[in-house]
1. Please state the charge dipole magnitude for the chain, taken about the Cα centre, from unit charges on C-beta atoms (+1 on K and R, -1 on D and E), reported in debye and rounded to the nearest 20.
2. Pairing the Cα long axis of helix 190-201 with the longest principal axis of the chain, what angle in degrees results, from 0 to 90 and rounded to the nearest 10?
3. Please give the length that would be gained between Ser162 and Gln94 if that part of the chain were fully extended, namely 0.36 nm times their separation in residues minus their C-alpha to C-alpha distance (nm, one decimal).
4. In the chain, how many lysine pairs have Cα atoms under 26 Å apart, counting only pairs 8 or more places apart or on different chains?
5. Could you go through region 205-221 in sequence order and give the Karplus-derived ³J(HN,Hα) for each residue, using 6.51 cos²θ - 1.76 cosθ + 1.60 with θ = phi - 60°, rounded to whole Hz, and x for Gly and Pro?
6. So how tilted is helix 111-120 from the main axis of the chain? Cα-based, degrees 0 to 90, rounded to 10.
7. Taking a ≥ b ≥ c as the square roots of the Cα gyration tensor eigenvalues, with a/c under 1.5 meaning rounded and otherwise prolate when a/b beats b/c, else oblate, which class fits region 178-304?
8. Please list 3J(HN,Hα) in residue order for region 33-40, calculated via the Karplus relation 6.51 cos²θ - 1.76 cosθ + 1.60 where θ = phi - 60°; whole Hz, with x for glycine and proline.
Amino acid sequence: MPPASVKQRVVVPPGLVVVDKPAGLTSHDVVARVRRIMGTRKVGHAGTLDPMATGVLVLGIERATKLLGHLALDTKAYLATIALGSATTTDDAQGEVVSTAPDGSVAAVADEAIADGIRALTGAIQQVPSAVSAVKVDGKRAYARVRAGEQVELAARPVEVSRFDVLATRRLDASIELDVMVECSSGTYVRALARDLGAGLGVGGHLAALRRTRVGPFDLRVVTTLERLADEPGLSLPLDAAVAAAFPRRDVGERAAAALLRGQRLPAEGITGTYGVFDPAGRAIALAVDEGEFTRSLVVLTPA
């Protein structure tokens, strides 16, 4: 038995913690808090949320951090409020107002024009990210360059907006507020949708509020709060269950599992995209992808 003065290392199991991020915290702030709560440095997140945003933030613990780059590529869903009538430096409510629509012009914007503008921003589109986004420019985040006083111009890139629905419309004295639901591909900026909708209508627009309701298969039904997590530290999903929930599944025998963990290729299974490989004991041992006639391991989750 070790001396009382020797502190034994607590073994933290791998898995996911799905947090309902509060407003005012950065995603890194949440990671720092969860590191302290869970007692490990090995914590990361899938998909950044701005400080003003709330909602689903998926965190990987220990070996489950290997899943995050693949989860971040999944589709996401948001509830948002778009304010028409003014544009800001950050395309959201935290920026400085750079333009305001002339008197009477916002009131003249018809519901049909709003619907047409939303249709133009739905489907496969080319989107220019906000200048204060986390997109890297020559190895440095765009928002860091803006804060340093640089002018940043980002290139448009393809994104997919599969759903852009208006849930409610409020016509105020000098603005229109739209509560919307957005479902979109990874890399889509809802701030940019607000900006581009307002620009297309000729009155300017920005994002007034944002709540992420889903990342891939993980939605608000499985979230915990930082307060609850501090009271009862634990995983939302252990590693095996997380892989099974987030990816298609392939079960293999002992010999195939051992071969894959040694870096050998397996015959292709015919599954589209990234999938989880499970051994006979039901353990997730790797993420893999079919390439031609063979399977290639992308991430090894269990030591050989």
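We did not get these values from a lab; they are worked out from the coordinates using the rules stated. These numbers come from a predicted model, not from an experiment. Positions of Cβ are generated from backbone atoms using ideal geometry, with glycine treated the same way; all protein chains shown enter the neighbour counts.
1. Details: 35 positive and 34 negative charges, 304 e Å.
Here the chain has a charge dipole of around 1460 debye.
2. Value to nearest ten degrees: 20.
3. On the way: separation 68, 0.36 × 68 = 24.48 nm, distance 2.69 nm.
Net length gain for the segment: 21.8 nm.
4. So the count works out to 15.
5. x, 8, 7, 9, 7, 8, 9, 7, 9, 7, 10, x, x, 9, 10, 5, 6
6. Result, in degrees: 40.
7. On the way: a/c = 3.97, a/b = 1.79, b/c = 2.22.
Taking the square roots of the gyration eigenvalues as a ≥ b ≥ c, region 178-304 is oblate.
8. Whole-Hz 3J(HN,Hα) from phi for region 33-40: 5, 5, 4, 5, 5, 8, x, 8.
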